[in-house]
Structure formats: C-alpha cells, structure tokens
Amino acid sequence: MKRGRHDEVMPEERTTALASIAWFYYIDGLTQADIAERMKTSRATVGRLLQEARETGVVRISIDPTILATMGLSRRLCDRYGLEDALVVPRRATDSVALTVNRRIAIAAAGYLERYLRPGAVIGFGWGDTVMNVLFSIRSESLEGVTFASVAGGIDRYTREVFATGNGIQAHLQLIPAPLVVNSPATAEALRQDTSVTRVLELSRTAVATITGVGGTQVTGSSVRSGLYSPSAISTIAELGGAGDMLGEWFDADGRVVPQATSDRRIGMDLAELATMPHVIGVAAGVEKATAIRAAVLGGYLDVLITDEPTAELLLA
C-alpha cells in the first residue's frame, strides 16, 4: 500500500481501508483483534479507524424508528410509575401476523428473563397463559443449572401443557402440587402446611427474579377459560371493586387488596410477600387489561413491566 509523509495512507486508499475494516467489523462480525491480524496492524489502530469511519460517514449507524418509539414509551412508563424497567413490544405492522399478542409478549419476556438465567439461579413464576408461554419460549441452552419454582398453585395447567414444548423446561420446574384454588378452606389450610407445598414455596422465596401474569375482570380471560372462575363469579368480583388479580389475589383500581374478593381456598404466595421479592416481572398486554395492569403497578407489586405498544399508550394516557 502506497504511503506518504508520516506513513499515512493516501486519501483514496484510506477510504478503502476504512470501508474494509467497517465491513469486517459490522457485517462479518470479526473482533478488532481478528481485523488487526488480518490487516497486519495493531488493535489500537483498528479501533481508531473504526471511530474515523463513523466520524467521516463511511459508517452510518441508524436505529429502527419503531424501536426508538417503544424505548421512549418504556422510559416514560418507568418515570410515570417508578418502575425498575419496562419493555414495550412494538405494535404489529398488519393484522395478518400470525403471532398473537400473548405470544409476542412471551417471546420478548423470555429474552428479557435471560439476564437472570445463570447456573444455580432460582426463578419464581406465577400462574397464567402468558407466563406459561414465557417458560416455553426460553432457549434450551439458557436453562442449564436454572430452577423455576412456582409461587402459586396451578399444577393442573402446567401438567397439561408442559410436554408440548421442545425446550426441555419440564426438567427445571418445581411445581406446587396443588391447583391455584382448591375445593374448600379446610383443604387449602391443610395443603399450606404440607411439606410438598412448603418446600416449593421456600425455594421460590430464594428467587433472583419472579415472573407473573396480571388478570382482569373480563369474562373472556384465561381464568374463566380454564374454569378457575365462572363468568358470574368474575362479575361479582367486579361489583366488589376488584379490578385485577395476580396469583389468585384480587385488588382494586388503586392496587389495594380486596379481601372479600380473594378466595380463602387459594394456594400460594400472597401479594404482600410478592411485593418484597426482588425483580418481580409482570407480563401482560391488551387494552382490556390496562386497568388491571395499572392497578398492579400502583399497588407496588411489580418492578418490571413487559407489555405491548397499544397497552403502554393507554397506561400513559
């Protein structure tokens, strides 16, 4: 390569060099050390040339405007509600996209959850369709050495679905061996003292993060579809002031627990204890759930919210 005074590359050749190094780094994915070896130069020189490529316009870094928009919504949610973090999934470009809102939120949440997945880590999880889809969406290679402990009953739901997934999550689950709601207060009290239940709950209390869904008072929700509540029971709960539920415990529009709406037949951690856990991640979306999601955040039960763009806009309206 021809060089001039002070061993500098001539302008035309320098542009070519900048383009080559930028291509190796940004397109081929080579490290600066790899590029230095290939170009027979130092790593420090590669770093300087990459900086020059950005400054001179050889490399122009752009961010998808839809991502920028949702990042702005995330920051505003954190500021408005005092959240530790928020993740907003962009709205679908068209209605023809096959993935449902529930599935898209679950995929995003699974990616977010990976920051906590390390060998020896315990992750707590609650009840619900979206939570179940999150567990099934985690990459197999991220599961090594991780234990997922349920914070509430609902074994019947998971045992029906768990073997349909190919990510191997079933080998990492510690389930409370009981439904979320049992048939009598006496049965519930007995189960709460059973070692098979207390063992899982004690494990879940060591979780580095806990993921939970948020239910609302719509009669088409998963709690009605699963048979946990009848449509008339949901209507009664709404009349009592219930706006949403987590782990089977109901709260009003300001996030205050509604004792008369919460069954004494429930098995699992209560919301007061959940609020003391580190990094509680709520996964919920849908305009029909906005009131319930807002209430869960106002109640202080969530540290992180993962939702979609239309729901985030409603929460900020």
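The values are calculated or read from the model by the stated rules, or taken from the named source; none is laboratory data. Values in this document were obtained by computation on a predicted structure and should not be read as measured data. Neighbour counts are summed over all protein chains in view; Cβ atoms, including those assigned to glycine, are modelled from backbone coordinates with ideal geometry.
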Practice item. Considering only segment 254-267, state which residues are within 16 Å of residue 127 (Cα to Cα) and not basic (Lys, Arg). Key: 262, 263, 267
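Results for (1) modelled with pLDDT of 90 or more; (2) surrounded by fewer than 16 Cβ atoms within 10 Å (Cβ to Cβ); (3) aromatic (Phe, Trp, Tyr); (4) not in a strand (DSSP E or B), shown as yes or no for each residue.
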site	(1), (2), (3), (4)
62	no, yes, no, yes
75	yes, yes, no, yes
88	yes, no, no, no
91	no, no, no, yes
97	no, yes, no, yes
102	no, no, no, yes
123	yes, no, no, no
127	no, no, yes, yes
Point to revise | Selection within segment 292-317 - crowded, with 24+ Cβ neighbours inside 10 Å and either within 20 Å of residue 149 (Cβ to Cβ) or in contact with a Phe, Trp or Tyr (Cβ under 9 Å, 6 or more places away or on another chain) (or both) | key: 292, 295, 296, 301, 302, 305, 306
Point to revise | Residue tally, condition out of contact with any Gly (no Cβ under 7 Å at 6 or more places or on another chain) and either more than 18 Å from residue 123 (Cα to Cα) or not assigned by TED's automatic domain parsing to the domain that holds residue 213 (or both), over segment 268-290 | key: 5
Check your understanding: Within the set of pairs 6+ apart or on separate chains, which have a first residue in segment 238-250 that is on the phi > 0 side of the Ramachandran plot, a second that is of a type outside the set (S, T, N, Q) and not in a loop (DSSP other than H, G, I, E, B), and C-beta atoms under 7 Å apart?
Key -> 247/152; 247/268; 247/271; 247/274; 248/152; 248/181; 248/266; 248/268
Check your understanding: Can you find even one residue in segment 280-300 that is of a type in the set (D, E, K, R) and closer than 15 Å to residue 84 by Cβ?
Key -> no
